[in-house]
Amino acid sequence: MARIGVLKEPTGGKLTVLTPSGAERLKGKAEVLVQRDAGRAAGYTNKAYEEAGATLVDSEEALLAGSDIVLSYGYRDLRNRKIQGKTFIGIFNFLWQPEHVGHYLQPGVTVHSLDLIPRSTLAQSMDVLSSVGSISGYQAVLLAAERSLATVPMITSAGGTLRPAKFLVMGAGVAGLQAIATARRLGAVVKAYDVRKASKEEVESLGASFIEIEGSVDDRTAGGYATQQSEEFLERVRQRIHEEAAGADVVITTARIPGKRAPLLITADMVNGMKPGAVIVDIAAATGGNCALTEPDQAVVHNEVTILGPTAIESSCAYSTSFLLSNNYISFIQYLLEHQEELDSDPILGATLVVRDGRSVNERVLALQGAAQ
Ligand code: NAD
(Lines give C-alpha, C1' and ligand atoms only; values in the text may rest on other atoms or scores of the structure.)
Protein backbone atom coordinates (compact mmCIF):
# COMPACT_ATOMS: atom_id res chain seq x y z
CA MET A 1 0.00 0.00 0.00
CA ALA A 2 1.35 3.47 -0.88
CA ARG A 3 2.47 5.64 2.03
CA ILE A 4 1.30 9.22 1.49
CA GLY A 5 2.77 12.03 3.60
CA VAL A 6 1.38 15.53 4.07
CA LEU A 7 3.97 18.22 4.77
CA LYS A 8 3.13 21.13 7.03
CA GLU A 9 3.46 24.42 5.18
CA PRO A 10 6.36 26.65 6.26
CA THR A 11 5.76 29.44 8.79
CA GLY A 12 3.08 31.80 7.52
CA GLY A 13 1.54 29.16 5.23
CA LYS A 14 -2.03 28.37 6.22
CA LEU A 15 -3.19 25.79 3.72
CA THR A 16 -3.21 22.03 3.82
CA VAL A 17 -3.72 19.89 0.76
CA LEU A 18 -5.30 16.96 2.59
CA THR A 19 -8.10 17.48 5.10
CA PRO A 20 -9.19 14.83 7.63
CA SER A 21 -12.14 13.88 5.40
CA GLY A 22 -9.62 13.53 2.57
CA ALA A 23 -7.50 11.21 4.73
CA GLU A 24 -10.62 9.19 5.44
CA ARG A 25 -11.26 8.80 1.71
CA LEU A 26 -7.81 7.29 1.25
CA LYS A 27 -8.42 4.59 3.89
CA GLY A 28 -7.75 1.15 2.47
CA LYS A 29 -5.96 2.62 -0.56
CA ALA A 30 -3.01 4.25 1.17
CA GLU A 31 -1.42 4.74 4.54
CA VAL A 32 -1.57 8.45 5.42
CA LEU A 33 1.05 10.29 7.45
CA VAL A 34 0.47 13.90 8.45
CA GLN A 35 3.08 16.25 9.88
CA ARG A 36 1.74 17.46 13.23
CA ASP A 37 -0.18 20.77 12.92
CA ALA A 38 -0.25 20.53 9.11
CA GLY A 39 -3.95 21.45 9.09
CA ARG A 40 -4.12 23.58 12.19
CA ALA A 41 -3.96 27.03 10.58
CA ALA A 42 -6.75 25.98 8.22
CA GLY A 43 -9.01 24.78 11.03
CA TYR A 44 -8.29 21.04 10.84
CA THR A 45 -7.09 19.60 14.16
CA ASN A 46 -4.52 16.87 14.78
CA LYS A 47 -7.24 14.92 16.55
CA ALA A 48 -9.47 15.02 13.47
CA TYR A 49 -6.65 13.55 11.37
CA GLU A 50 -6.09 10.78 13.91
CA GLU A 51 -9.79 10.01 13.98
CA ALA A 52 -9.68 9.77 10.20
CA GLY A 53 -7.04 7.06 10.49
CA ALA A 54 -3.94 9.15 9.71
CA THR A 55 -0.69 8.82 11.65
CA LEU A 56 0.81 12.05 13.00
CA VAL A 57 4.57 12.54 12.80
CA ASP A 58 6.50 15.27 14.57
CA SER A 59 9.03 16.47 12.03
CA GLU A 60 9.51 17.09 8.33
CA GLU A 61 12.40 14.63 8.39
CA ALA A 62 10.26 11.84 9.86
CA LEU A 63 7.47 12.62 7.39
CA LEU A 64 9.85 12.32 4.45
CA ALA A 65 11.42 9.14 5.81
CA GLY A 66 8.02 7.45 6.21
CA SER A 67 6.42 8.45 2.89
CA ASP A 68 6.64 7.27 -0.72
CA ILE A 69 4.44 10.10 -2.01
CA VAL A 70 4.88 13.53 -0.45
CA LEU A 71 2.17 16.20 -0.73
CA SER A 72 2.68 19.92 -0.24
CA TYR A 73 0.94 23.07 -1.40
CA GLY A 74 3.81 25.00 -2.92
CA TYR A 75 7.47 24.48 -3.74
CA ARG A 76 9.63 23.41 -0.79
CA ASP A 77 13.37 23.65 -0.58
CA LEU A 78 14.27 20.11 0.50
CA ARG A 79 17.86 20.12 -0.74
CA ASN A 80 19.21 19.22 2.69
CA ARG A 81 16.79 16.32 3.12
CA LYS A 82 16.92 12.71 1.97
CA ILE A 83 14.45 12.63 -0.91
CA GLN A 84 15.82 9.87 -3.14
CA GLY A 85 13.17 7.59 -4.61
CA LYS A 86 10.20 9.74 -3.52
CA THR A 87 7.33 11.14 -5.54
CA PHE A 88 6.38 14.77 -4.88
CA ILE A 89 2.98 16.25 -5.69
CA GLY A 90 2.32 19.95 -5.30
CA ILE A 91 1.64 23.22 -7.08
CA PHE A 92 5.25 24.05 -7.83
CA ASN A 93 4.80 26.77 -10.48
CA PHE A 94 7.86 25.68 -12.45
CA LEU A 95 6.67 27.66 -15.46
CA TRP A 96 7.31 30.78 -13.41
CA GLN A 97 10.40 29.53 -11.52
CA PRO A 98 11.95 26.78 -13.69
CA GLU A 99 15.20 26.97 -11.70
CA HIS A 100 13.49 25.16 -8.83
CA VAL A 101 13.32 21.94 -10.86
CA GLY A 102 17.06 21.47 -10.31
CA HIS A 103 16.44 20.97 -6.60
CA TYR A 104 14.58 17.72 -7.26
CA LEU A 105 17.07 16.10 -9.63
CA GLN A 106 18.09 13.28 -7.33
CA PRO A 107 18.10 9.54 -8.07
CA GLY A 108 14.65 8.01 -8.32
CA VAL A 109 12.77 11.26 -7.63
CA THR A 110 9.48 11.88 -9.48
CA VAL A 111 7.66 15.23 -9.40
CA HIS A 112 4.13 16.06 -10.54
CA SER A 113 3.20 19.74 -10.56
CA LEU A 114 -0.56 20.17 -10.48
CA ASP A 115 -0.59 23.66 -11.95
CA LEU A 116 0.20 21.87 -15.25
CA ILE A 117 -3.02 19.81 -15.21
CA PRO A 118 -4.67 20.11 -18.63
CA ARG A 119 -7.94 22.09 -18.67
CA SER A 120 -9.93 19.07 -19.90
CA THR A 121 -13.23 17.57 -18.78
CA LEU A 122 -11.47 14.41 -17.59
CA ALA A 123 -9.09 16.43 -15.39
CA GLN A 124 -11.71 18.88 -14.09
CA SER A 125 -11.90 17.31 -10.62
CA MET A 126 -8.11 17.75 -10.25
CA ASP A 127 -8.03 21.38 -11.38
CA VAL A 128 -6.23 23.07 -8.49
CA LEU A 129 -5.89 26.35 -10.40
CA SER A 130 -9.66 26.64 -10.62
CA SER A 131 -9.98 26.04 -6.87
CA VAL A 132 -7.39 28.69 -6.07
CA GLY A 133 -8.83 31.04 -8.72
CA SER A 134 -12.39 30.84 -7.38
CA ILE A 135 -11.38 31.65 -3.83
CA SER A 136 -8.99 34.39 -4.97
CA GLY A 137 -11.64 36.15 -7.04
CA TYR A 138 -14.15 36.00 -4.20
CA GLN A 139 -11.69 37.18 -1.60
CA ALA A 140 -10.40 40.03 -3.82
CA VAL A 141 -13.87 41.56 -3.86
CA LEU A 142 -14.25 41.30 -0.08
CA LEU A 143 -10.83 42.87 0.39
CA ALA A 144 -11.73 45.73 -1.92
CA ALA A 145 -15.11 46.25 -0.22
CA GLU A 146 -13.44 46.40 3.15
CA ARG A 147 -10.87 48.97 1.99
CA SER A 148 -13.30 51.08 0.00
CA LEU A 149 -14.54 54.33 1.49
CA ALA A 150 -17.93 53.74 -0.12
CA THR A 151 -20.56 51.01 0.33
CA VAL A 152 -21.01 48.48 -2.47
CA PRO A 153 -24.81 48.05 -2.87
CA MET A 154 -27.34 50.78 -3.44
CA ILE A 155 -28.65 51.74 0.00
CA THR A 156 -31.68 53.91 0.49
CA SER A 157 -31.84 55.41 3.92
CA ALA A 158 -33.21 58.40 5.84
CA GLY A 159 -30.09 60.33 4.92
CA GLY A 160 -30.46 59.75 1.21
CA THR A 161 -29.61 57.15 -1.40
CA LEU A 162 -26.15 55.66 -1.81
CA ARG A 163 -25.51 54.60 -5.38
CA PRO A 164 -24.06 51.13 -6.11
CA ALA A 165 -20.28 50.94 -6.44
CA LYS A 166 -18.75 50.56 -9.90
CA PHE A 167 -16.37 47.63 -10.28
CA LEU A 168 -13.99 47.03 -13.17
CA VAL A 169 -12.68 43.46 -13.45
CA MET A 170 -9.67 42.85 -15.70
CA GLY A 171 -9.29 39.24 -16.84
CA ALA A 172 -12.36 37.00 -16.86
CA GLY A 173 -10.90 33.55 -16.21
CA VAL A 174 -11.90 31.55 -13.16
CA ALA A 175 -10.82 34.23 -10.66
CA GLY A 176 -12.26 37.12 -12.67
CA LEU A 177 -15.62 35.41 -13.13
CA GLN A 178 -15.84 34.65 -9.41
CA ALA A 179 -14.93 38.28 -8.67
CA ILE A 180 -17.72 39.42 -11.00
CA ALA A 181 -20.24 37.04 -9.40
CA THR A 182 -19.26 38.15 -5.89
CA ALA A 183 -19.37 41.85 -6.74
CA ARG A 184 -22.78 41.39 -8.38
CA ARG A 185 -24.07 39.54 -5.28
CA LEU A 186 -22.96 42.51 -3.21
CA GLY A 187 -24.91 44.77 -5.54
CA ALA A 188 -22.11 46.39 -7.56
CA VAL A 189 -22.40 47.53 -11.16
CA VAL A 190 -19.68 45.54 -12.93
CA LYS A 191 -17.78 45.93 -16.19
CA ALA A 192 -15.19 43.39 -17.26
CA TYR A 193 -12.55 42.92 -19.91
CA ASP A 194 -10.65 39.89 -21.15
CA VAL A 195 -8.43 39.44 -24.15
CA ARG A 196 -10.18 36.11 -24.90
CA LYS A 197 -13.30 36.90 -26.88
CA ALA A 198 -14.90 33.65 -25.63
CA SER A 199 -15.26 35.16 -22.17
CA LYS A 200 -17.82 37.79 -23.32
CA GLU A 201 -20.75 35.42 -22.99
CA GLU A 202 -19.68 34.25 -19.51
CA VAL A 203 -19.25 37.83 -18.32
CA GLU A 204 -22.68 38.82 -19.60
CA SER A 205 -24.33 35.74 -18.10
CA LEU A 206 -23.26 37.03 -14.67
CA GLY A 207 -24.99 40.36 -15.24
CA ALA A 208 -21.83 42.38 -15.99
CA SER A 209 -21.05 44.30 -19.19
CA PHE A 210 -18.16 43.21 -21.36
CA ILE A 211 -15.74 45.84 -22.66
CA GLU A 212 -15.01 45.04 -26.30
CA ILE A 213 -11.68 46.02 -27.83
CA GLU A 214 -10.90 44.82 -31.34
CA GLY A 215 -7.62 43.27 -32.45
CA SER A 216 -6.70 40.64 -29.84
CA VAL A 217 -4.96 37.41 -30.88
CA ASP A 218 -6.72 34.19 -29.85
CA ASP A 219 -4.62 31.03 -30.05
CA ARG A 220 -6.66 27.85 -30.28
CA THR A 221 -3.62 25.74 -29.38
CA ALA A 222 -3.20 27.53 -26.04
CA GLY A 223 -5.67 25.21 -24.25
CA GLY A 224 -8.11 28.04 -23.50
CA TYR A 225 -5.39 30.22 -21.96
CA ALA A 226 -4.58 33.71 -23.16
CA THR A 227 -1.64 34.21 -25.50
CA GLN A 228 0.79 37.08 -25.37
CA GLN A 229 -0.51 40.11 -27.28
CA SER A 230 1.39 42.69 -29.34
CA GLU A 231 2.55 45.82 -27.52
CA GLU A 232 0.49 47.88 -30.01
CA PHE A 233 -2.71 46.05 -29.05
CA LEU A 234 -1.93 46.30 -25.33
CA GLU A 235 -1.47 50.07 -25.78
CA ARG A 236 -4.93 50.28 -27.37
CA VAL A 237 -6.35 48.36 -24.43
CA ARG A 238 -4.65 50.73 -21.99
CA GLN A 239 -6.21 53.77 -23.68
CA ARG A 240 -9.70 52.32 -23.38
CA ILE A 241 -9.14 51.02 -19.85
CA HIS A 242 -7.86 54.46 -18.86
CA GLU A 243 -11.36 55.82 -19.47
CA GLU A 244 -13.07 52.92 -17.72
CA ALA A 245 -10.77 53.01 -14.67
CA ALA A 246 -11.44 56.72 -14.19
CA GLY A 247 -15.10 55.96 -13.46
CA ALA A 248 -14.51 52.91 -11.24
CA ASP A 249 -14.63 52.73 -7.45
CA VAL A 250 -12.86 49.37 -7.47
CA VAL A 251 -10.59 47.69 -10.01
CA ILE A 252 -9.83 43.97 -9.63
CA THR A 253 -7.06 42.66 -11.89
CA THR A 254 -6.59 38.93 -12.52
CA ALA A 255 -4.89 38.71 -15.94
CA ARG A 256 -2.18 36.09 -16.33
CA ILE A 257 -0.38 34.19 -19.05
CA PRO A 258 1.13 30.82 -18.05
CA GLY A 259 4.91 31.05 -17.66
CA LYS A 260 5.07 34.75 -18.51
CA ARG A 261 5.10 37.97 -16.55
CA ALA A 262 1.52 39.18 -16.00
CA PRO A 263 0.52 41.75 -18.63
CA LEU A 264 0.67 45.39 -17.57
CA LEU A 265 -2.89 46.69 -17.79
CA ILE A 266 -3.07 49.55 -15.28
CA THR A 267 -0.34 52.17 -15.65
CA ALA A 268 0.65 54.81 -13.10
CA ASP A 269 -0.99 57.37 -15.38
CA MET A 270 -4.30 55.51 -15.15
CA VAL A 271 -4.05 55.39 -11.37
CA ASN A 272 -3.51 59.17 -11.43
CA GLY A 273 -6.79 59.47 -13.34
CA MET A 274 -8.78 57.41 -10.80
CA LYS A 275 -11.08 58.77 -8.10
CA PRO A 276 -9.65 59.49 -4.66
CA GLY A 277 -10.59 56.62 -2.36
CA ALA A 278 -10.70 54.08 -5.18
CA VAL A 279 -9.18 50.63 -4.57
CA ILE A 280 -7.22 48.34 -6.87
CA VAL A 281 -6.77 44.69 -5.89
CA ASP A 282 -4.15 43.09 -8.11
CA ILE A 283 -4.21 39.33 -7.67
CA ALA A 284 -1.62 38.83 -10.41
CA ALA A 285 0.95 40.33 -8.00
CA ALA A 286 2.87 37.05 -7.60
CA THR A 287 3.82 37.08 -11.29
CA GLY A 288 4.68 40.77 -11.60
CA GLY A 289 1.23 42.32 -11.27
CA ASN A 290 -1.19 43.92 -13.73
CA CYS A 291 -0.73 47.36 -12.20
CA ALA A 292 2.55 49.25 -12.54
CA LEU A 293 2.40 50.40 -8.91
CA THR A 294 1.68 47.01 -7.33
CA GLU A 295 4.09 45.94 -4.60
CA PRO A 296 3.73 42.27 -3.60
CA ASP A 297 1.90 41.93 -0.27
CA GLN A 298 1.91 45.68 0.34
CA ALA A 299 -0.79 48.34 0.42
CA VAL A 300 0.47 51.20 -1.73
CA VAL A 301 -1.41 54.50 -1.57
CA HIS A 302 -0.81 56.59 -4.67
CA ASN A 303 -2.70 59.77 -5.36
CA GLU A 304 -5.36 58.70 -2.79
CA VAL A 305 -5.85 55.38 -4.59
CA THR A 306 -5.06 52.20 -2.59
CA ILE A 307 -3.34 49.40 -4.49
CA LEU A 308 -3.24 45.96 -2.86
CA GLY A 309 -1.06 43.17 -4.26
CA PRO A 310 -1.79 40.02 -2.25
CA THR A 311 0.32 37.08 -3.46
CA ALA A 312 -1.46 34.36 -1.47
CA ILE A 313 -4.99 35.68 -1.21
CA GLU A 314 -6.36 32.13 -1.38
CA SER A 315 -4.88 31.52 2.11
CA SER A 316 -7.28 33.95 3.75
CA CYS A 317 -10.09 31.40 3.45
CA ALA A 318 -7.76 28.57 4.39
CA TYR A 319 -10.50 26.19 5.54
CA SER A 320 -12.42 26.42 2.27
CA THR A 321 -9.38 26.54 -0.02
CA SER A 322 -7.92 23.48 1.73
CA PHE A 323 -11.22 21.65 1.35
CA LEU A 324 -11.22 22.23 -2.42
CA LEU A 325 -7.51 21.45 -2.80
CA SER A 326 -7.87 18.24 -0.80
CA ASN A 327 -10.56 17.02 -3.21
CA ASN A 328 -8.38 17.97 -6.20
CA TYR A 329 -5.31 16.22 -4.77
CA ILE A 330 -7.29 13.07 -3.94
CA SER A 331 -8.71 12.90 -7.46
CA PHE A 332 -5.18 13.21 -8.82
CA ILE A 333 -3.71 10.64 -6.41
CA GLN A 334 -6.43 8.11 -7.17
CA TYR A 335 -5.85 8.64 -10.89
CA LEU A 336 -2.08 8.30 -10.41
CA LEU A 337 -2.42 5.06 -8.44
CA GLU A 338 -4.65 3.61 -11.16
CA HIS A 339 -2.54 4.76 -14.13
CA GLN A 340 1.02 4.83 -12.84
CA GLU A 341 2.18 2.37 -15.47
CA GLU A 342 1.33 4.97 -18.14
CA LEU A 343 3.21 7.96 -16.72
CA ASP A 344 4.50 9.23 -20.08
CA SER A 345 1.63 8.34 -22.36
CA ASP A 346 -1.28 9.39 -20.15
CA PRO A 347 -2.47 12.93 -21.06
CA ILE A 348 -2.94 14.05 -17.44
CA LEU A 349 0.04 12.35 -15.81
CA GLY A 350 2.31 13.21 -18.75
CA ALA A 351 1.32 16.90 -18.61
CA THR A 352 2.07 17.19 -14.89
CA LEU A 353 5.24 15.09 -14.88
CA VAL A 354 8.24 17.40 -14.47
CA VAL A 355 10.88 15.09 -12.97
CA ARG A 356 11.10 11.38 -13.69
CA ASP A 357 13.74 9.14 -12.13
CA GLY A 358 15.71 12.24 -11.22
CA ARG A 359 15.64 13.76 -14.75
CA SER A 360 13.89 16.92 -15.90
CA VAL A 361 11.40 15.72 -18.54
CA ASN A 362 8.63 18.28 -19.04
CA GLU A 363 8.83 19.94 -22.47
CA ARG A 364 7.20 23.18 -21.37
CA VAL A 365 9.53 23.54 -18.42
CA LEU A 366 12.60 22.42 -20.41
CA ALA A 367 11.85 25.10 -23.02
CA LEU A 368 11.87 27.76 -20.29
CA GLN A 369 15.04 26.36 -18.72
CA GLY A 370 16.70 26.45 -22.15
CA ALA A 371 15.53 30.03 -22.72
CA ALA A 372 16.97 31.12 -19.36
CA GLN A 373 20.47 29.73 -20.12
P1 NAD B 1 -5.52 32.64 -16.01
O2 NAD B 1 -5.48 32.66 -14.52
O3 NAD B 1 -4.37 32.03 -16.74
O4 NAD B 1 -5.71 34.15 -16.52
C5 NAD B 1 -6.79 34.92 -16.05
C6 NAD B 1 -7.47 35.60 -17.21
O7 NAD B 1 -6.65 36.67 -17.67
C8 NAD B 1 -7.74 34.72 -18.41
O9 NAD B 1 -9.11 34.70 -18.69
C10 NAD B 1 -6.94 35.39 -19.52
O11 NAD B 1 -7.58 35.29 -20.78
C12 NAD B 1 -6.89 36.83 -19.04
N13 NAD B 1 -5.85 37.65 -19.68
C14 NAD B 1 -4.60 37.33 -20.04
N15 NAD B 1 -3.98 38.38 -20.63
C16 NAD B 1 -4.87 39.41 -20.62
C17 NAD B 1 -4.83 40.76 -21.08
N18 NAD B 1 -3.75 41.27 -21.67
N19 NAD B 1 -5.93 41.51 -20.89
C20 NAD B 1 -7.03 41.00 -20.30
N21 NAD B 1 -7.14 39.74 -19.86
C22 NAD B 1 -6.07 38.95 -20.02
O23 NAD B 1 -6.86 31.99 -16.54
P24 NAD B 1 -7.74 30.83 -15.91
O25 NAD B 1 -8.70 31.37 -14.97
O26 NAD B 1 -6.83 29.77 -15.44
O27 NAD B 1 -8.54 30.33 -17.19
C28 NAD B 1 -7.84 30.02 -18.39
C29 NAD B 1 -8.74 29.26 -19.33
O30 NAD B 1 -8.98 27.95 -18.87
C31 NAD B 1 -10.11 29.87 -19.54
O32 NAD B 1 -10.43 29.72 -20.90
C33 NAD B 1 -11.01 29.03 -18.70
O34 NAD B 1 -12.35 29.04 -19.14
C35 NAD B 1 -10.37 27.69 -18.94
N36 NAD B 1 -10.70 26.70 -17.91
C37 NAD B 1 -11.10 25.46 -18.32
C38 NAD B 1 -11.38 24.48 -17.38
C39 NAD B 1 -11.79 23.11 -17.82
O40 NAD B 1 -12.13 22.92 -18.96
N41 NAD B 1 -11.70 22.10 -16.98
C42 NAD B 1 -11.26 24.77 -16.03
C43 NAD B 1 -10.84 26.05 -15.64
C44 NAD B 1 -10.55 26.99 -16.60
* Could you name the lysines in cross-link range of Lys8, using Cα to Cα under 25 Å and dropping any fewer than eight places away on the same chain? -> Lys27, Lys29, Lys47, Lys82, Lys86
* To do: Skip the ligands, DNA and RNA, and give the accessible area per residue of the stretch 148-311 with a 1.4 Å probe, whole Å².
  => 47
* **In the stretch 1-61, the trypsin sites (Lys or Arg not before Pro) that fall in loop regions by DSSP, at most 13 other Cβ within 10 Å** => Lys27
* Asked: Relative to the Cα centre, what is the charge dipole magnitude of the stretch 1-93, using +1 at the beta carbon of each Lys and Arg, -1 at the beta carbon of each Asp and Glu, and rounding to the nearest 20 debye?
  -> 180
* To do: State, as an integer percentage, the relative contact order of the chain based on alpha-carbon contacts under 8 Å between residues 6 or more apart.
  => 18
* Asked: Is the stretch 289-373 best put as rounded, prolate or oblate by its Cα gyration tensor, with a ≥ b ≥ c the root eigenvalues, rounded for a/c under 1.5, and otherwise prolate when a/b is larger than b/c, oblate when not?
  -> oblate
* Asked: Restricting the count to DSSP beta bridges whose residues both fall in the stretch 148-311, what percent are antiparallel, rounded to a multiple of 5?
  -> 25
* Structure fact -> Along the dipole axis of the chain (charges at Cβ: +1 for Lys and Arg, -1 for Asp and Glu; origin at the Cα centre), the most positive-end residue among Thr16, Thr121, Gln228 is Thr16
* Looking at the stretch 249-308, what % of its DSSP beta bridges pair antiparallel, to the nearest 5? -> 35
* To do: Could you work out the longest stretch of the chain that avoids the GluC sites (Glu not before Pro) located in DSSP loops with at most 15 other Cβ atoms within 10 Å?
  => 1-211
* Asked: Span-like helices, the chain: DSSP H, alpha-carbon axial extent 20 Å or more, mean Kyte-Doolittle -1.0 or greater, which ones?
  -> 128-147, 318-339
* Assuming a ≥ b ≥ c are the square roots of the Cα gyration tensor eigenvalues, decide whether the stretch 177-300 counts as rounded (a/c under 1.5), prolate (otherwise, with a/b larger than b/c) or oblate. => rounded
* Structure fact -> Bridge orientation stat for the chain from DSSP, antiparallel percent rounded to 5, came to 25
* With the dipole of the stretch 148-311 worked out from charges on the C-beta (+1 for Lys and Arg, -1 for Asp and Glu) around the Cα centre, which of Val190, Ile307, Val271 lies farthest toward the positive end? -> Val190
* Structure fact -> With a ≥ b ≥ c from the Cα gyration tensor eigenvalues, square-rooted, and the rule rounded for a/c under 1.5, otherwise prolate when a/b > b/c and oblate otherwise, the stretch 103-147 is oblate
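The values are calculated or read from the model by the stated rules, or taken from the named source; none is laboratory data. Remember, it's a predicted structure, so these values are computed and weren't measured experimentally. Reconstructed Cβ throughout: ideal geometry from the backbone, glycine too, with neighbour counts over all protein chains shown. The accessibility values were calculated without ligands, DNA or RNA, using every heavy atom of the protein model including side chains. Shrake-Rupley method; radii C 1.70, N 1.55, O 1.52, S 1.80 Å.
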